[in-house]
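Right, one structure below, let's go through it.
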Amino acid sequence: MTDIRRSILWVIFGFSMVLIWDKWQLHNGHPATFFPQSPTPAAVAPAPAGAGDVPSATALGGAAPGAGVAAVGTTQTAAPRETRVVSTDVLKLTFDLEGGSLVGADLLAHQEATLSSKNQAVKPLTLLTQGANHVYVAQSGLIGVPGTTLPTHKTPMTMVSADTTLQDGQDTLVVRFESADVGGAKLVKTYTLRRGEYLIPVTHEVINTGTTALSPQLYLQLVRDASKGENETPFYSTFTGPAVFTQAAKYQKIEFADIEKGKADFIKVASDGYVAMVQHYFASAWLLGDGVEREHFARRLPDTNPALYSVGMITAVGTLTPGQSKALETRLFVGPQAEKVLEQVAPGLELVKDYGWLTMLAKPLYWLLEKIHGFVANWGWAIVLLVVLLKAAFYWLNAMAYRSMAKMKAINPRITEMRERLKDNPQQMQMEMMKIYREEKVNPMGGCFPIMIQIPVFIALYWVLLSSVEMRNAPWALWITDLSSPDPWYILPLVMAVTTMIQTALNPLPPDPLQAKLMWFMPLAFSVMFFFFPSGLVLYWITNNVLTIAQQAYINHSMGVPLKFSMPKFK
């Protein structure tokens, strides 16, 4: 039997290789293999004039559920690109009179630039926009039978609402757009904005102004390019792209690369759920009522540079006789991924806050973190206290591991001497090693299993801190004014590197000199990566390191093992 401590090092080395492989995949434009990632974004090139106009032909590609592809009419005359700005206490929205589409959304309670950046100007974060280099808009319109033309997101509309600002003492602001008569139909969109809310009820009223019956369909779509949001580094990446949720298939993320290749896999027909466009910390989503049949779609829009992608749904309005009208109630969410808010909007909408494969562990950790924040009113101290609680919960498991490490450290001189004496006889060496283990009642794996059990919990906490919009622009203390951004002075990463080295030095060194050097190299490389990580994540890791060092030192002392640093020879 080989030295089992070598196996522990191989576990560490293997996990590091997993991380490096994922980053190599991203670097070469492939999706990550092990952890939730997004593909390399399409290059953003200067766009020609009018590139911000989302094409209508084949952009939807859907007729009635199960029917063939039907293009939205393209012969309509486009209106001049006029916009109207409407403001509430939390949103500043820009509507395009072409289709009454939402082409701009500033989140007034969230800042564009992080507080730790060099640019300290306070500017609201822009989520939805329509520009030459970045497009992210919400659109809707009607589809008729092939050969007919109905109002779409390219149809000129008139804003008939007088008020554009939510006044003090006013809780609701109604914005109404009306199209002209197109193909014997008129479309009226009514957006209802409420104080303090990011959820916008949108009523689509279809009026049959012709002389024959109509059976139109309503489409709702979100369109954006594949550019990544802020807070991304070469060392970690969050998902950006479309998503579809249904009770049958649950939350399905759709990679831009899969859309490009025509390999997007998601449920196509459902009667519940939503479609969304997700990025780090923020999301938008179109929602229909439960029980309303809809067909989902996701595709790349043709002839766009940069490449634009759409995700949406199509639902039947029903048959309208001449003079008849019918209204469909829809909802549009545009805002931050605040978990409690999302849970109240719709079942499953909180899943746009992506915890990856450890959601079942991450959700209770976030709940506990939020409860702690309710007492201390500081997200930084909430992180510290949460790690303290987790270390307390795992105290006995850690104690088992550290006792095993202390025993290993106590017999390490005997192991080293024996290996040197029997280095030319590997078989005898292993027999002697196992004899020492039996005599001293030492389990070489005793320090590994208790720690391995805790790894999923701490990875889940990592994703909680990385995904929570509450960390964005949240101060901790002194120079740390934004827990979602790297430490501007690199003090926390340096502290983390020091504590990681101390923690490593307290562990017994492997008898093999090469293994000993590797055991020191890996934590050092890990610490360098954290120079580019958000301050909240580094704070969490420092707290964990300090508590680990304290517990390890206490157990060593209680067992009579001298507290000394084990350093390998690097000569």
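The values are calculated or read from the model by the stated rules, or taken from the named source; none is laboratory data. Quick caveat, the model's predicted, so the values are computed rather than measured. In this analysis, Cβ positions are derived from the backbone assuming ideal geometry, glycine residues included, and neighbour counts consider all displayed protein chains. SASA here: full protein model, heavy atoms, side chains in, ligands and nucleic acids out. Shrake-Rupley method; radii C 1.70, N 1.55, O 1.52, S 1.80 Å.
Restricting the search to strands (runs of 3 or more DSSP E) fully inside the stretch 269-349 and requiring at least 3 residues that are surrounded by fewer than 19 Cβ atoms within 10 Å (Cβ to Cβ) and at pLDDT 95 or above gives 325-336. Per the conditions (1) free of Cβ contacts under 8 Å to residues at least 40 places away in the same chain; (2) open to solvent by 70 Å² or more (accessible area, probe 1.4 Å); (3) farther than 18 Å from Q324 by Cβ, the sole criterion not satisfied by D181 is (3). Among the residues of the stretch 72-110, those identified as surrounded by 15 or more Cβ atoms within 10 Å (Cβ to Cβ) and modelled with pLDDT under 50 are V72, G73, Q76, A79. Taking T155, is it more than 16 Å from T94 (Cα to Cα), out of contact with any Pro (no Cβ under 8 Å at 6 or more places or on another chain) and surrounded by 20 or more Cβ atoms within 10 Å (Cβ to Cβ)? When the stated conditions are applied, T155 passes them. Scanning the stretch 486-497 for any residue that is open to solvent by 10 Å² or more (accessible area, probe 1.4 Å), within 30 Å of G335 (Cβ to Cβ) and touching a strand residue (DSSP E or B) at 6+ places or on another chain (Cβ under 6 Å) turns up nothing.
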